[in-house]
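I have placed the structure first, in the form of structure tokens, so that the comments after it can refer back to it.
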Amino acid sequence: MLTKKQQYSINSLKELKNREPSQFCLIHVNKTKNNLHCVISTLFGQKKTLWSISGGHQSISGASNSRRKTRYTQRMVYNAVVEKIFGLGLRYLVLHCKGTIPSKRFILKTFSQHFTVLLLKDSTSVAHNGTKPPTKRRL
């Protein structure tokens with residue numbers, strides 16, 4: 001016998017199977033040491049946009065080159081992604097996060113305000129202690 005919670009999750013999965021596949025999208029969030037990139041694609045990996053939205057593209061509205069990784073720039077990039085997704089008419093999201101992202105909670109909160117987030121996957125590669133760490137930057 002299934003509990004109410006298990007029955008609810010099974011029913012919600014059955015409802016999702018009946019949805020149109022055009023309402024689902026996959027968002028790749030790649031945060032490097034100096035920048036942030038977001039790409040919107042279908043669940044099969046075909047790009048919906050011909051370009052990626054990044055912190056460098058948002059430099060027109062106040063973020064200079066040295067400030068591409070700040071929280072303000074992240075918020076601007078995520079809002080640009082939300083506007084783009086609204087324009088495409090999508091409702092369900094799968095998020096793939098890659099890189100050093102201490103703000104996964106912020107990403108989830110931003111996108112779950114507007115859409116239904118089905119999955120948040122961390123695809124960051126794990127270090128194997130075989131490479132030399134980068135040298136400290138001298139100013």
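Close amide H contacts of residue 49 (hydrogens built in the peptide plane, cut-off under 5 Å, sequence separation of 5 or more or a different chain): 40.
Net length available on complete extension from residue 112 to residue 92 is 6.2 nm, with 0.36 nm assigned per residue and the Cα-Cα distance removed.
List, in the order given, every pair from 33/121; 33/136; 48/104 whose Cα-Cα distance in the structure shown is over 18 Å. With Cα atoms farther than 18 Å apart: 33/121; 48/104.
The H on the amide N of residue 124, modeled in the peptide plane, is under 5 Å from the matching H of 99, each at least 5 residues off or on a different chain.
Every read-out reported here was derived from the displayed coordinates using simple, explicitly stated rules and does not represent laboratory data. What you see is a predicted model; the values in this text were computed from it and never measured.
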